[in-house]
Amino acid sequence: MGEAIAFYTLAAFILGFAVLVVSTKDTVHSVLFLVLDFLFVAALYVLLAAPFLAVIQVLVYAGGIVVLYLFVVMLVNLKRPPEAHQAPQRRSKLGLGLSVAVLLELVAIGGIGVYETVRPVTAAVPAPPMPVSGNTEQVGWLLYTSYLIPFEIASMLLLVAMIGAIVLAKREL
């Protein structure tokens with residue numbers, strides 16, 4: 001009973017801060033609400049007996065990612081008026097083509113994943129058990145075996161975000 005009350009309380013705070021993140025007009029306040037949201041998600045991990053994930057949530061998301069967001073907010077200077085003309089060095093068609101290519105790759109990866117799970121097993125070979133015993137080892141084992149492609153996609157998205165922040169910060173490339 002107590003765990004259910006704690007879960008619903010944390011879920012209400014997470015939902016409330018998420019709504020504040022997208023509805024607040026000031027971008028710095030929005031990032032601060034995002035920090036609070038990440039901290040409550042970490043508390044939810046503690047409630048679910050996953051202390052390693054809670055610490056990673058605080059270190060990586062509430063620490064690193066939010067600092068990256070704050071740097072982007074400070075570098076972009078959202079108070080200036082929008083540009084009046086289209087820059088000639090922007091290649092909109094190339095960007096659209098690359099976006100479509102990435103989307104097709106993601107659809108192909110998803111299709112392969114669906115095909116792999118639906119395909120009937122011809123031999124009754126049992127899956128090897130995970131050679132780990134603790135929570136941290138299980139997370140690492142699953143991250144680098146079953147969830148390797150989503151992990152690599154997330155790392156590529158973070159790399160693209162970092163390059164985008166550098167490009168926005170340095171106008172003349």
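Table: residues versus (1) more than 23 Å from I166 (Cβ to Cβ); (2) modelled with pLDDT under 80; (3) under 17 Å from the mean Cα position of the chain (by Cα).
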position	(1), (2), (3)
L39	yes, no, yes
Y45	yes, no, yes
L53	yes, no, yes
Y69	no, yes, yes
L75	no, yes, no
L78	no, yes, no
A87	no, yes, no
L94	no, no, no
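Residue selection: V132 satisfies the criterion of being of a type outside the set (F, W, Y), out of contact with any Asp or Glu (no Cβ under 9 Å at 6 or more places or on another chain), surrounded by 10 or more Cβ atoms within 10 Å (Cβ to Cβ) and at pLDDT below 65.
Count of the stretch 6-58 residues, restricted to those that are in contact with a Leu (Cβ under 7 Å, 6 or more places away or on another chain) and in contact (Cβ under 8 Å) with a residue 40 or more places away in the chain, is 5. Being surrounded by fewer than 17 Cβ atoms within 10 Å (Cβ to Cβ) and either of a type in the set (F, W, Y) or modelled with pLDDT under 90 (or both) is true of G64.
The values are calculated or read from the model by the stated rules, or taken from the named source; none is laboratory data. Since we're looking at a predicted model, the values are computed, not measured. Methodologically, a virtual Cβ is constructed for each residue, glycine included, from the backbone with ideal geometry; neighbour enumeration extends over all protein chains shown.
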